[in-house]
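A short worksheet on the structure shown next.
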Amino acid sequence: MKLIVGTDSTWSLRTWMCAQLANIDFETQVIHLGRPGYREVLKEYSNTGLVPVLINNNLEIHDSLAITEYFNELSEGALFPKQRHERALARSLCSEMHAGFSHLRAACPFSLDALPPLQSINDNLSQELQRLEAIFNAAQTPFMFESASAVDAFYAILAFRLNSYGITFNGKAGAYQQHLLEWPLLKQAIVAAKVWKEAPHTMNP
């Protein structure tokens, strides 16, 4: 099984973290997004021309949500809570992360480099941060539910992005954010992302 990922791709990092959480045995193929010829290289692995994509024999699964669900099935439900209502909420939160927070993404591009604090927050960004704070505030802590799940993997990358721009929450939301930042799996993912960036055009770590 091979997971095709891209450099500086937050969705690649999320699926990588979910694979680790689900204890999936896989190889990683790295594509250096933005380098000359990367689209041609990517097309060799991904019919959509996008990352991430999972290849398992003749099966190609694209989109992070679909890959996460596949990992969940392979691991007999390791990525979502056991309780039905919590599973529904978890999937709702993952979908919201997947489709939402467009203003935050635009104002705070993902970067592994040191960044100056964000200087201004407009109304649209403020609304998204308020929504995110409400989500974090609902966490059971230290994880969103009783144990680590896909939700934590999805939002940990966002917590890292916020912290890079000096955006932190207070109270229970802040406690959840801080736990995500200190989560060993997130730290491993950031190390992996740095390795991907320093690697040749494609690699199999």
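Carbon and sulfur atoms: what percent of the 1.4 Å accessible area of segment 106-158 do they account for?
Within segment 106-158, the accessible surface is 47 percent carbon and sulfur.
Could you check how much of the accessible area of segment 1-82 is carbon and sulfur, as a whole percent, using a 1.4 Å probe? Please list the in-between numbers first.
Details: 1710 of 3830 Å².
Answer for segment 1-82: carbon and sulfur cover 45 percent of the accessible area.
Once you keep just the Cα pairs under 8 angstrom separated by 6 or more residues, what percentage relative contact order results for segment 141-195?
Details: 30 pairs, mean separation 21.8, N = 55.
Taking the mean separation of contacting Cα pairs over the length of segment 141-195, I get 40 percent.
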(request) Write down the Å³ per residue value for the convex hull defined by the alpha carbon atoms of segment 1-117. (result) 129
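Determine Rg/Rh for segment 23-81; Rg is computed over alpha-carbon atoms and Rh is the Kirkwood hydrodynamic estimate from the same atoms. Kindly include the intermediate steps, with their values, before the conclusion.
Numbers: Rg = 13.0 Å, Rh = 12.7 Å.
Rg/Rh for segment 23-81 comes to 1.03.
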(message) Is there a quick way to get the dipole size of the chain? I mean about its Cα centre, with the Cβ of Lys and Arg at +1 and of Asp and Glu at -1; what is the value in debye to the nearest 20?
(response) 200
(request) Obtain the radius of gyration and the Kirkwood radius of segment 75-159 from its C-alpha atoms and give Rg over Rh. (result) 1.01
(request) Can you pull the one-decimal nm distance between simple spin-label points at VAL195 and ASN23, each 7 Å off the Cα toward Cβ? (result) 2.1
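Over segment 4-100, give the accessible area per residue in Å² for a 1.4 Å probe, as an integer. Mind showing how you got there, number by number?
On the way: 4820 Å² over 97 residues.
With all protein chains present, segment 4-100 gives 50 Å² per residue.
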(message) Counting just the Cα atoms, what span does the chain cover along each of its three principal axes? Round to the nearest Å and put the largest first.
(response) 46, 41, 27
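Once you keep just the Cα pairs under 8 angstrom separated by 6 or more residues, what percentage relative contact order results for the chain? Show your work: numbers first, answer last.
Values: 283 pairs, mean separation 54.9, N = 205.
Result for the chain is 27 percent.
The values are calculated or read from the model by the stated rules, or taken from the named source; none is laboratory data. Predicted model, so just to flag it, every value in this text is computed and none were measured. Note: ideal-geometry Cβ built from the backbone for every residue, glycine included; neighbour counts use all protein chains shown. For the accessible areas, the whole protein counts, side chains as well, though only heavy atoms, and no ligand, DNA or RNA atoms are used. Shrake-Rupley method; radii C 1.70, N 1.55, O 1.52, S 1.80 Å.
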